[in-house]
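In what follows, a structure is listed as structure tokens, so that the remarks can point back to it.
The values are calculated or read from the model by the stated rules, or taken from the named source; none is laboratory data. Here the structure is a predicted model, which is why all the values come from computation and not from measurement. A quick note on method: Cβ atoms are made from the backbone with ideal geometry, for glycine too, and the neighbour counts reach across all protein chains shown.
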Amino acid sequence: MLRTIHHQIANRAGKSLLRAIFLLAAAAGLSARTSAQQLYRFDSMASAASAAIELHTIGSVRQKVLVTDFEETHGVTTQLGEALADNFADELRNHAKKFDVLDHRSVANGIADHHLPEGAFYSAGIEVCYAAKLDVTMIVKAEFEYAPDGLVFDLRIFPAKGDKGIFGDKIVIPLTPEMESLKSRPRIQIPDSFGDDKTVWAKDSNGSDQQVMPVPGTNGYSYPGCLYCPQATYSAEAVRAHAQGPVVLRVVIGAGGSAEKISVTRSLPCGLDEQAIDAVKSWRFKPATDSDGKPVAVLQTIEVTFHLY
């Protein structure tokens, strides 16, 4: 059940902030990337997986197989699953004849125009969000857990447009000192600040957003207030990916009380920035006023936080 927790207008470090926080029951976290190293040769598993993929290849068109980051069944996700996924992808490429193997780098390169920080790409669910854009036909996922005799891996392959698996295998591999080192390193969190993207949405094309806009709380300008601010909704892709966090927008709120220009200063994957933009486009505000009490257009920062718990 998605619900609005609060809307508030504030001034933080000289910067106005309109906050809308939405909650949805689930749990997740996003992370940055560690450099890969050779930890284990998945030769036998990759050979069997390759045979299964080619058995389900129809026609002469080469398939695209996405290897997502391996996820730990329990506990905090660490850098070990990322490196092991890279190792498996390399071995799968060695056996591939009728298909191409994609990994996290393919996802990052394929959606570079989305203006996300590097760390936002690297969870298995978020990679799957962009499978359609990359024309992925098969997806490789794996979970692993720690056991007295090593790591127990449960690997599955299924079509990108379905959930019926075509291949499954479970193996136990030794836990080496190198793996132990990565096991103790949690994934690095996404940085708090993103590059600015001014290419999103404008109510019209008169170029008014290019001029210097008054900022609420300065020089006698008041803050706008929310009159009708319905909650944003999660995209289905974001729910499946367990994506969460804030989308930060810069919004020109006109004297008539509606958003006239929206640009993204902090983005999230899986369509959440579009969901935030669509919500704010429908909002209606009590317009800001100048020192004479006259309604004016102002540049307001709006944060829409999607939180999974």
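Assorted remarks:
- Listed by first and then second residue, the pairs with beta-carbon distance under 8 Å, at least 6 apart or on different chains, first residue in the stretch 144-167 and more than 22 Å from Ser50 (Cβ to Cβ), second in a loop (DSSP other than H, G, I, E, B), are Glu145/Thr73; Glu145/His74; Tyr146/Leu175; Asp149/Pro174; Gly150/Pro174; Gly150/Leu175.
- The helices (runs of 4 or more DSSP H) located wholly in the stretch 71-164 that include 2 or more residues which are modelled with pLDDT of 75 or more and within 15 Å of Met179 (Cβ to Cβ) occupy 80-95.
- Looking at Ala259, Ala238, just one residue is within 24 Å of Leu308 (Cα to Cα) and touching a residue at least 24 places away in the same chain (Cβ under 8 Å), and that residue is Ala238.
- Selected residue (criterion: modelled with the lowest pLDDT) from residues of the stretch 34-48 that are touching a helix residue (DSSP H, G or I) at 6+ places or on another chain (Cβ under 7 Å) and hydrophobic (A, V, I, L, M, F, W, C): Ala36
- Count of residues meeting criterion [of a type in the set (Lys, Arg) and under 28 Å from the mean Cα position of the chain (by Cα)] in the stretch 167-182: 0
- The lone exception for Ile139 - which of (1) over 20 Å from the mean Cα position of the chain (by Cα); (2) under 18 Å from Ala46 (Cα atoms) it fails: (1)
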